[in-house]
Amino acid sequence: FTFCRKLFLNPYCLWRSIKKVFGELPMEFVSHYRVMQAIGLMENTDKKLNVIAFETGFPNVNSFINAFKKIMKCTPSQFCKKFMQLQ
């Protein structure tokens, strides 16, 4: 909100404009980015999900699982099982 005040912008108008241009609200974009980063770690490391959640910026494992399910339509564990079957 401080950023918006400095530019004399209404924060809600700014968020609406961002959604119109990018198709996602800023926090949705951040969650999507974090989940994609987590997928990269899941595919390329043996780190546990709680470590991956923390390293990708989620405050806890539950928020990571909820964001992952919303974006990927499966849990991180289900994703790992599917990925392991492909190898």
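One table, with the values for the structure above:
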item	result
Condition met for Met27 (part of a helix (DSSP H, G or I), under 16 Å from the mean Cα position of the chain (by Cα) and surrounded by fewer than 14 Cβ atoms within 10 Å (Cβ to Cβ))	yes
Filter result (among the aromatic types (Phe, Trp, Tyr) and either closer than 18 Å to Tyr33 by Cβ or open to solvent by 100 Å² or more (accessible area, probe 1.4 Å) (or both)) within segment 58-87	Phe58, Phe64, Phe68, Phe79
Of residues in segment 30-57 being in a loop (DSSP other than H, G, I, E, B) and more than 17 Å from Thr75 (Cβ to Cβ), the one most open to solvent (accessible area, probe 1.4 Å)	Asp46
Qualifying residue in segment 58-66 (condition: out of contact with any His (no Cβ under 6 Å at 6 or more places or on another chain), in contact (Cβ under 8 Å) with a residue 24 or more places away in the chain and part of a helix (DSSP H, G or I))	yes
Residue within segment 16-23 that is closer than 17 Å to Lys69 by Cβ and either at pLDDT 85 or above or open to solvent by 90 Å² or more (accessible area, probe 1.4 Å) (or both) present	no
Of the criteria (1) at pLDDT 90 or above; (2) outside any loop (DSSP other than H, G, I, E, B), which one Met84 fails	(1)
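The values are calculated or read from the model by the stated rules, or taken from the named source; none is laboratory data. It should be emphasised that the depicted structure is a prediction, and the values quoted were computed from it without experimental measurement. As a convention, Cβ positions derive from the backbone with ideal geometry for all residues, glycine included, and neighbour counts pool all protein chains shown. Accessible surface areas use protein heavy atoms only, side chains included; no ligands, DNA or RNA. Shrake-Rupley method; radii C 1.70, N 1.55, O 1.52, S 1.80 Å.
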